[in-house]
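Q: Dumping the structure here so I can ask a few things about it.
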Amino acid sequence: MSSKNMTIHLKIWRQKCCSEKGRMENYTLTTVSPDMSFLEMLDLLNQELIVKGEEPVVFDHDCREGICGACSLMINGEPHGPEMLTTSCQLHMRKFKDGDTIVVEPFRAKAFPVIRDLACDRSAFDKIIASGGFISVNTGSGAEANATLVKQESAELAMDAAACIGCGACVAACSNASAMLFVAAKVSHLGLLPQGDPEASKRVYNMVKRMDELGFGNCSNEGECEAACPKGIKISNIARMNRKFLLSSLTSAPEEGGGKQEWN
Amino acid sequence: MSKSFAKSSLYFNYFFSSIGKKQVLAVTATFLCLFTIVHFIGNLLMFAGPQYFNWYGHTLASGPLLPLAEGLLLLLFLSHASLGLWLACENYRARPERYYKKVRSGRGATFASATMPFTGILLLFFLVLHLLHFRFGPVYTIVYDGVEMRDFYRLMIEFYANPLNVVLYLLSMCLLSFHLGHGVQSIFQSYGWIHSKYTPWVKRMGLLIAVFLAIGFSSFPLWAYLKHGVVGY
Amino acid sequence: MFKLDAKIPEGPIQEKWDRYRFQLKLVNPANKRKYSVIVIGTGLAGASASASLAELGYNVQTFCISDSPRRAHSIAAQGGINAAKNYPNDGDSVWRLFYDTVKGGDYRSREANVYRLAQVSNNIIDQCVAQGVPFARDYGGTLANRSFGGAQVSRTFYARGQTGQQLLLGAYQAMMRQVGMGKVQLFTRREMLNLVVIDGRARGVVIRNLVTGELEHYVADAVILASGGYSTVYYLSTNAMNSNCSGIWRAHKKGAGLANPCFTQIHPTCIPMSSDHQSKLTLMSESLRNDGRVWVPKRAGDNRPPAEIPEEERDYYLERIYPSFGNLVPRDVASRNAKLQCDAGKGVGATKRAVYLDFASAIARDGADSIRKKYGNLFEMYERITDEDPYKAPMRIYPAVHYTMGGLWVDYNLMSTIPGLFVLGEANFSDHGANRLGASALMQGLGDGYFVIPYTIGNYLAELPLATVANGRPESKHPAFMAANKEVQEEINRIISVKGKRSVSDLHRELGKIMWEKVGMARNEKGLKEALTEIPRLREEFRRNSKVPGRADDLNPEMEKALRMNDYLDLGELMARDALGRLESCGGHFREESQTAESEAKRDDEKHCNVAVWEHKGEGALPERHVEELKFENVQLSQRSYK
């Protein structure tokens, strides 16, 4: 634990709303403690701005323990910053040096329009889930829990994929702003379990279709998504989805799914 | 909607989906890779001597299936290139506002993977020039065993006597190695053929193929230049 | 003035729920689409209720504060979910889960509700497995169980250390399926700021659109509040930054009784605060106490690093005071003892508000690898936050506010004192009494949403006069809506017009300090009375000297904080008042005046075997305390002892 304060220069993206042009603004903080989290450092900046009567920097955040997936900052050119397997809220200032300049931007993608400053609209992810990211079982119709045995290996693989927090770092990191890792994680999680098997074909077909409609880019198998994922989701999930999608498209004729509802 | 229509629109949807396009790209890539390997093996005959090389060319050119093969190849190249460009345009549009600062993690993208559209376009230029120089280039003839045929050997030796042509060729092979270096393993990923046991080998094999083909192809103009460009034909 | 009728059905406890379900009125399947329900919150309770009601055919409008319903704070629960499946064959049963929950809650919960919860616990597991929740499995493919929080049986189901996340995603996906089918209308980045009551029934809400700042009106036939707990009154807690009490407090102001607000749970194994910039506290699973030994230096003011303090100068105080339970005493006991040690000047670390949790002997016994297997992710998290390696030096831990057992009073139907307002999950008070057992919160949230509300809301809706639903529903411009809108608008105008100097967070931090010091782990009359004078003073300061930049009719996080701050102040005051009125120690509520000779909690079942339900009497007026007496017919009251 060190207590010596650091000076940090910030270049932060300020943008009024989606339709207005944004710009980089410079700020300097002189009392940054190395024990602060990155978001606490932004809190500090905001406190200073509020006292000066300026509008604070807007950013999404909630649980601040790396599980809710709300925080979504592009820090020095990498989603969630330079640390592996770490969300923005769990990144600590001791990972930076006194006098560093840090560039902070929102996640950028056509499907993630900026709402204000560093906050963007990721409801496209929810729309993809609504198109098929579930197992169709009504409340009460679940069978006795141990009636279906699940191979431990499958359960573990499914859990690996289910660990996705829906933060969007994969989209932010991808040079094509593709959502393949997010979709593949859900397709894998549900498809690997026997419970999710009956509608596996329909699920992958509908989810990919919805993903394409929402304006995400295409996968070019680079693996930047995997490298940026704070939960370590593997691109082998994308390969699994590619395989399932091919089989689904060529061997069955899923009906048009629902999932077209919009909300705001 | 009748069932058969639903099914046909399904295939239509497949080819226009992001994954479908990638997989078609991968299929064309697979055939192009195979073609490149066959092309390389055929060219090895130049080391055996002019008559072997020219006979090989003649046999291919006089075969009844040549137009079909050439047509297929053209289709493969065109569909691969146009699909690739289409995907690249879509990808560009998926991020209308670029980052102020973006760095690669070093654990994912490589120079090769990040430049696929560019190496692809440059290789396309190379291909056009390559065809203009050889397929549609000057027609020298030579007679072996009473059969008149095109003297591709002479054409090649003369062309690579010019060091500029050699350098351009070598550069193009560098591009090829980058393109295949990411491309070969990418084919497997797009099909979904991955396995924790085999995928590391697939990746290594992809790199090996890329480097081997680039070096192998480079040996032809270098050999031609060193043998005849310097000494004179 | 309201009358408290818990509507507990007649009959033996095992049959109450079954009999009651038969008595409940049903809504004709063809008529369900005529009814509309509002759900506030998308945590376990809100998402599961939205999904289940939409599946039945009701029209559901669901609101959440975040950009996505999946961010709700249920997602952060680590440990697991209890159920009485008895898969390990170790003697568990519905009765035992019921008994443990009532006892763990220190006999301040309602027997009938708890028994029902234990009954539906098994259905929850079935439902979640069917949804694809990837619970841990044994090699044979069956579900794995572990024991949790000192329970004598292994009844906890878990998905690594992310059980809450997986259960929430299950409920979220079920809800999103209904969103896709058009049965749930989802509204994100919306905050409920007022409840609209027409003719004595909850009929809608006034919502602030957090992106545009506009106030929006939504009308329905019933309103479900599933907005979670109110730990953020303390500013520093393990709750998420956006978790808040405004939903329940604003309903309370409209007539919903608030029960036992002083019952808060303080979790013993959190990472201590490092300095004043801290925005929240991080919890580490209490499973750490299975292998870690808690100690402080014997001498107050001992500043040596832990490695230099010899064994004989260390005080393993939990093992010393509670030889039979040792480091595994319940949460409230462990927390209070840590505070006592720090108050005696034996605290460790730079701030002196921490105790050691030492794994040295466990590592020596089992090897570092075995410890890494069990707790690797927790150790990593600790190191990430503190920059200290717990394999080499002992962890520093300190208690933090974690869960609130109190909440809006509900009857057996989960309906509040306002007809048509139902309250689910942590937002209500019913099941955990004065202290919640580990792995029971997830069970309660899902139980309420999946298996209770679908039945009980039907009964309410079936009783609604048909002339007031569907086409007969009040309009969104109904005078009651306009009045509710005006109230909120005036509040917003007041906030924006104060051009003071202090940020809302700064003031909130100050409130948190008052609450933590005086309405925290140990409470006494003097401190509580001080809190009751300090909080109104702080309210004055807030009204006079707060600063909210930006515009009201725009995206404005500071405005959101300021609107919540009003409610924190009011609720904080009521918590102190409630704690003052409960002159006994029970569960998470420890009154220093009520302890045994050995400084253990002393319950007073003569005077306080009840639920305190507060009625709001208007701004500035003293709230009125009502009492629901608790009857224990199936569990015998006894003093807890962990010696």
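Q: So which pairs qualify, if the first residue must be in region A:19-45 and of a type in the set (Lys, Arg), the second must be modelled with pLDDT of 95 or more and assigned to a helix (DSSP H, G or I), the Cβ gap must be under 6 Å, and the two must be at least 6 apart or on different chains?
A: none
Q: Could I ask something else about it? Could you please find all residues in region C:250-285 being part of a helix (DSSP H, G or I) and buried (at least 24 other Cβ atoms within 10 Å of the Cβ)?
A: C:250, C:251, C:252
Q: Let me ask something else. Sort out which residues of region C:455-474 are surrounded by fewer than 19 Cβ atoms within 10 Å (Cβ to Cβ) and within 14 Å of chain A (Cβ to nearest Cβ), and write them in order of number.
A: C:455
Q: Then there's this: Quick check on my filter: what residues within region C:208-235 are open to solvent by 30 Å² or more (accessible area, probe 1.4 Å), over 20 Å from residue C:50 (Cα atoms) and outside any strand (DSSP E or B)?
A: Of everything in region C:208-235, those that are open to solvent by 30 Å² or more (accessible area, probe 1.4 Å), over 20 Å from residue C:50 (Cα atoms) and outside any strand (DSSP E or B) turn out to be C:211, C:212, C:214, C:235.
Q: Of all residues in region C:217-242 being of a type in the set (Val, Ile, Thr) and out of contact with any strand residue (DSSP E or B) (no Cβ under 7 Å at 6 or more places or on another chain), which is farthest from residue C:403 (Cα to Cα)?
A: Once the filter is applied, the top-ranked residue is C:233.
Q: I've got another one for you. Please work out which residue is nearest to residue C:102 (Cα to Cα), limiting yourself to region C:572-614 and to residues that are acidic (Asp, Glu) and under 23 Å from the mean Cα position of the chain (by Cα).
A: C:584
Q: Oh, and also: Please verify whether residue C:117 is modelled with pLDDT of 95 or more, more than 14 Å from chain A (Cβ to nearest Cβ), closer than 18 Å to residue C:426 by Cβ and out of contact with any Leu (no Cβ under 7 Å at 6 or more places or on another chain), treating the condition exactly as stated.
A: Considered against the rule, which asks whether it is modelled with pLDDT of 95 or more, more than 14 Å from chain A (Cβ to nearest Cβ), closer than 18 Å to residue C:426 by Cβ and out of contact with any Leu (no Cβ under 7 Å at 6 or more places or on another chain), residue C:117 comes out as yes.
Q: Out of the residues in region A:192-201 that are in contact (Cβ under 8 Å) with a residue 24 or more places away in the chain, farther than 15 Å from residue C:133 by Cβ and not polar (S, T, N, Q), which is most open to solvent (accessible area, probe 1.4 Å)?
A: Step by step, filter region A:192-201, then rank; the result is A:199.
Q: Working only within region B:94-124, note down all residues that are part of a helix (DSSP H, G or I) and more than 7 Å from chain A (Cβ to nearest Cβ).
A: Answer for region B:94-124, where residues must be part of a helix (DSSP H, G or I) and more than 7 Å from chain A (Cβ to nearest Cβ): B:111, B:112, B:117, B:118, B:119, B:120, B:121, B:122, B:123, B:124.
Q: Quick one: is residue A:230 at pLDDT 95 or above and either surrounded by fewer than 24 Cβ atoms within 10 Å (Cβ to Cβ) or more than 9 Å from every other protein chain (Cβ to nearest Cβ) (or both)?
A: yes
Q: Still on this structure, I have one more. What helices (runs of 4 or more DSSP H), lying completely within region C:323-401, carry at least 2 residues that are open to solvent by 10 Å² or more (accessible area, probe 1.4 Å) and closer than 24 Å to residue C:273 by Cβ?
A: Passing ranges, in order: C:331-343, C:368-386.
Q: Moving to a separate point now. Counting only residues that are outside any helix (DSSP H, G or I) and touching a residue at least 60 places away in the same chain (Cβ under 8 Å), which one in region B:155-204 is surrounded by the fewest Cβ atoms within 10 Å (Cβ to Cβ)?
A: B:162
The rows are residues; the columns are (1) open to solvent by less than 30 Å² (accessible area, probe 1.4 Å); (2) touching a Leu at 6+ places or on another chain (Cβ under 9 Å); (3) within 16 Å of residue C:426 (Cβ to Cβ).
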| residue | (1), (2), (3) |
| --- | --- |
| C:42 | yes, yes, yes |
| C:51 | yes, no, no |
| C:64 | yes, yes, yes |
| C:83 | yes, yes, no |
| C:91 | no, no, no |
| C:95 | no, no, no |
| C:99 | no, no, no |
| C:102 | yes, no, no |
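Q: Moving to a separate point now. Among the candidates C:531, C:552, single out the residue that is within 14 Å of chain A (Cβ to nearest Cβ), open to solvent by less than 80 Å² (accessible area, probe 1.4 Å) and either hydrophobic (A, V, I, L, M, F, W, C) or part of a helix (DSSP H, G or I) (or both).
A: Among C:531, C:552, only C:552 is within 14 Å of chain A (Cβ to nearest Cβ), open to solvent by less than 80 Å² (accessible area, probe 1.4 Å) and either hydrophobic (A, V, I, L, M, F, W, C) or part of a helix (DSSP H, G or I) (or both).
Q: Here's another thing I want to ask about it. Could we say that residue C:66 is closer than 23 Å to residue C:247 by Cα, part of a loop (DSSP other than H, G, I, E, B) and within 14 Å of chain A (Cβ to nearest Cβ) here?
A: Answer is yes for this residue.
Q: Do the conditions hold for residue A:98, that is, is it part of a loop (DSSP other than H, G, I, E, B), among the acidic types (Asp, Glu), under 30 Å from residue C:394 (Cα atoms) and touching a His at 6+ places or on another chain (Cβ under 8 Å)?
A: Criteria not met by residue A:98.
Q: Kindly provide the set of residues from region A:40-50 that are closer than 26 Å to residue C:551 by Cβ and within 7 Å of chain C (Cβ to nearest Cβ), ordered by number.
A: Matches in region A:40-50: A:43, A:44, A:47, A:50.
Q: For region C:607-623, enumerate the residues that are in contact (Cβ under 8 Å) with a residue 12 or more places away in the chain and open to solvent by 60 Å² or more (accessible area, probe 1.4 Å).
A: C:607
Q: So, one more: Kindly indicate whether any position in region A:165-179 is part of a loop (DSSP other than H, G, I, E, B), hydrophobic (A, V, I, L, M, F, W, C), away from chain C (no Cβ under 11 Å) and open to solvent by 10 Å² or more (accessible area, probe 1.4 Å).
A: Scanning region A:165-179 turns up at least one residue that is part of a loop (DSSP other than H, G, I, E, B), hydrophobic (A, V, I, L, M, F, W, C), away from chain C (no Cβ under 11 Å) and open to solvent by 10 Å² or more (accessible area, probe 1.4 Å).
Q: Among the listed residues A:105, A:83, identify the single one that is outside any helix (DSSP H, G or I) and surrounded by 24 or more Cβ atoms within 10 Å (Cβ to Cβ).
A: The unique qualifying residue is A:105.
The values are calculated or read from the model by the stated rules, or taken from the named source; none is laboratory data. These numbers come from a predicted model, not from an experiment. When we count neighbours, we look across all protein chains shown, and the Cβ atoms used for this are built from the backbone with ideal geometry, even at glycine. Each accessible area value is taken on the protein alone, full model and side chains, heavy atoms only, with ligands, DNA and RNA left out. Shrake-Rupley method; radii C 1.70, N 1.55, O 1.52, S 1.80 Å.
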